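This report refers to the structure that appears directly beneath it.
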Amino acid sequence: MQDYLQRVRYLLKNYVNSFKKELTELELAQIFANEQKLAKTAIAIAVFGMVSRGKSSLINALLGQKLSETGAVHGITKDVTIYEWEAGDKLQLSLIDTQGIDEVGGDIRGQKAIEAAQQADLILFVIAGDMLRIEQEAIANLQQFYKPILLVFNKTDLYPDCDRNIIHQALQNAEVRKFISPQEIILTSAQPKPVKVRLQYSDGTSQEIWEQPQPDIQSLQQRIVDLLNREGKELIAINGLRSLLEIQNAVAERHVQKLQTSTALVALAFLTEAMGLLLSPSQWLDALISGSCSSIFVIWAIGKYPSQQKYRWLFIIFVIAVSLGKLGFNYQVMRYLQILGAGLSIWLLFKGIIIDLNQSRASGRLGAKNLIAEIVSSVPANSILKRFI
């Protein structure tokens with residue numbers, strides 16, 4: 001198996017070295033954070049769901065200790081909270097507890113929720129019964145972040161076996177399957193209700209007490225550990241690349257906007273060349289002016305945008321300018337043809353840069369797209385990455 005983590009780190013470093021002047025401080029900080037995450041093989045798991053679905057109880061059960069406040073009060077978790085989770089030796093894990101989606105109108109597009117989803121490598125979406133429309137919409141919104149999602153059916157101890165099975169089957173309907181496959185639905189009981197037990201003493205007396213059963217989360221814990229041990233490094237690599245992809249698209253967009261507002265530069269280049277051609281006393285000087293102006297513009301474009309090397313053919317303006325005179329064209333006709341050719345070549349180059357930047361965003365030598373596609377093609381057909389990438 002290839003060391004994709006190392007390749008992504010190498011790509012991040014090279015991209016910063018090549019485009020540092022083009023990046024904002026926030027983008028540089030984001031790339032640095034991703035590089036550190038890759039170096040530590042750190043995986044973040046975000047927990048989403050409505051209030052009172054047992055998100056905090058689930059986190060407590062996974063952590064094996066009561067760190068997150070739980071209770072019947074509506075909306076216990078007021079902000080995003082991060083906990084370190086010691087679940088294995090190979091990976092460094094953290095759990096992110098988020099505010100209930102119904103506390104923000106079912107919208108996971110709030111700033112805190114967006115940050116949690118972007119930071120996460122894996123998402124646990126917690127429900128406690130039949131899935132509501134607001135929960136389906138929230139899961140659909142989470143799809144835009146391209147992160148694997150496990151659907152956790154919590155509080156199963158509250159249902160008789162027959163009802164629990166019916167709900168489980170309903171969660172596998174065609175509507176839900178658009179977002180979650182049956183293999184990605186896990187049943188848990190993070191904080192089972194106390195049960196009454198009778199204690200029988202040796203003297204013949206007995207006593208009834210309420211006993212708190214142990215959390216039933218083994219299937220979820222095993223699913224997470226198996227998933228991360230099998231595909232954890234690929235998850236981190238792809239999420240790091242997706243973060244870089246967003247930055248690369250933003251950088252390309254800024255270039256396009258700058259170019260679209262640089263019509264004055266294009267007009268100045270054309271006017272300079274046109275005036276030089278009109279005022280020059282000979283056809284050889286015409287050729288020199290036309291070729292020099294166009295060449296300077298092409299060299300600038302190739303230097304700033306390496307993808308424009310294909311426009312080197314514009315250097316043939318030299319040859320055309322001289323050939324027209326040699327072939328016996330009228331001197332004035334040739335001059336106007338040169339001006340027309342100069343304007344057309346500059347316009348084509350300018351438009352070509354914009355088109356190429358839009359079409360080749362993040363897919364060049366330092367682009368994230370190609371490596372993402374390579375990683376996805378390398379994982380098994382049943383990989384969760386195949387479903388969400």
#### Entry: Residues satisfying the stated conditions in the stretch 223-241, i.e. at pLDDT 90 or above and open to solvent by 40 Å² or more (accessible area, probe 1.4 Å)
R223
### Task
Among the numbered conditions (1) modelled with pLDDT under 85; (2) hydrophobic (A, V, I, L, M, F, W, C); (3) not in a helix (DSSP H, G or I), tell me where A113 comes up short.
(3)
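Filter the stretch 242-256 down to residues that are within 25 Å of A120 (Cα to Cα) and more than 12 Å from the chain's Cα centre (by Cα) and give me whichever is surrounded by the most Cβ atoms within 10 Å (Cβ to Cβ). I'd like the intermediate steps shown before the answer.
Narrowing the stretch 242-256 to residues within 25 Å of A120 (Cα to Cα): 242-251.
After this cut, where a residue has to be more than 12 Å from the chain's Cα centre (by Cα) as well, the list is 250-251.
Values: A250: 15, V251: 19.
Of everything passing the filter in the stretch 242-256, V251 is surrounded by the most Cβ atoms within 10 Å (Cβ to Cβ).
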### Task
Would you check which residues across the stretch 1-36 are closer than 22 Å to V256 by Cα and assigned to a loop (DSSP other than H, G, I, E, B) and list them?
L23, T24
## Note on the structure
Pairing a residue in the stretch 113-131 that is under 25 Å from I31 (Cα atoms) with any residue that is acidic (D, E) and at pLDDT below 95, where Cβ atoms lie under 8 Å and the two sit 6 or more apart in sequence or on different chains, gives A113/D107
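With E175, E208 as the choices, which residue is among the acidic types (D, E) and either touching a strand residue (DSSP E or B) at 6+ places or on another chain (Cβ under 6 Å) or over 30 Å from L228 (Cβ atoms) (or both)? Spell out how you get there, then give the answer.
Values: E175 fails: either touching a strand residue (DSSP E or B) at 6+ places or on another chain (Cβ under 6 Å) or over 30 Å from L228 (Cβ atoms) (or both).
Every option except E208 fails the conditions.
Here is a list: P215, P194. Which entry is surrounded by 13 or more Cβ atoms within 10 Å (Cβ to Cβ), under 24 Å from S57 (Cβ atoms) and over 32 Å from the mean Cα position of the chain (by Cα)?
Numbers: P194 fails: surrounded by 13 or more Cβ atoms within 10 Å (Cβ to Cβ).
Exactly one residue qualifies, and that residue is P215.
Can you tell me which of S52, S18 is open to solvent by 30 Å² or more (accessible area, probe 1.4 Å), over 20 Å from F145 (Cβ atoms), at pLDDT 85 or above and out of contact with any strand residue (DSSP E or B) (no Cβ under 9 Å at 6 or more places or on another chain)? Talk me through it step by step, then tell me what you get.
Numbers: S18 fails: at pLDDT 85 or above.
S52 is the lone residue from the list that is open to solvent by 30 Å² or more (accessible area, probe 1.4 Å), over 20 Å from F145 (Cβ atoms), at pLDDT 85 or above and out of contact with any strand residue (DSSP E or B) (no Cβ under 9 Å at 6 or more places or on another chain).
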### Task
Tally the residues that are among the polar types (S, T, N, Q), in contact with a Gly (Cβ under 9 Å, 6 or more places away or on another chain) and surrounded by fewer than 21 Cβ atoms within 10 Å (Cβ to Cβ), restricting the search to the stretch 21-49.
1
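The values are calculated or read from the model by the stated rules, or taken from the named source; none is laboratory data. Remember, predicted model here, so these are calculated numbers, not experimental data. For neighbour counting, all protein chains shown are included, and Cβ atoms are generated from backbone atoms with ideal geometry for every residue, glycine included. What goes into the accessible areas is simple: the full protein's heavy atoms, side chains included, and nothing from ligands, DNA or RNA. Shrake-Rupley method; radii C 1.70, N 1.55, O 1.52, S 1.80 Å.
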